[in-house]
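Worksheet: the structure to be examined is printed underneath.
The values are calculated or read from the model by the stated rules, or taken from the named source; none is laboratory data. All of these numbers come straight from a predicted model, not from anything done at the bench. Because the Cβ atoms are built from the backbone with ideal geometry, glycine has one as well, and the counts that use them run over all protein chains shown.
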Amino acid sequence: MQAQNSNTAHSLYALYETLPNEVQQVFLQELLQKQADKLETLALYLACQEAKDENEFLTEDETKAFIENLPQ
C-alpha cells in the first residue's frame, strides 16, 4: 500500500510540474490557504527527522528558547 501511495504522490507531483508557472503559483497559494496547519506540521516533522538523521539535536538552551517562542 505504501508503494502505491508513493507512486500516486509522485504522479501527482509530475502532473503539477507540467502546469504553467502561473497555474502552479495559484495552486500553491490555494494549497497553503486551505492546508496551512497540515503543511506546517509536515514541515516541522521533516525538519525534526532530518536533524535526527544527521544527529543534530538542540542544546537545552535552544530547546527552551524554541518552546518559549512557539505560537499560542
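Key figures
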quantity: Residue check for Glu60: more than 16 Å from the chain's Cα centre (by Cα) and of a type in the set (Asp, Glu); calculated: yes
quantity: Single condition Leu58 does not satisfy, out of (1) at pLDDT 90 or above; (2) hydrophobic (A, V, I, L, M, F, W, C); (3) not in a helix (DSSP H, G or I); calculated: (1)
quantity: Some residue of the stretch 16-38 being at pLDDT 90 or above and touching an Asp or Glu at 6+ places or on another chain (Cβ under 9 Å); calculated: yes
quantity: Positions within the stretch 39-55 being assigned to a helix (DSSP H, G or I) and either more than 8 Å from the chain's Cα centre (by Cα) or small (Gly, Ala, Ser) (or both), in sequence order; calculated: Ala43, Ala47, Cys48, Gln49, Glu50, Ala51, Lys52, Asp53
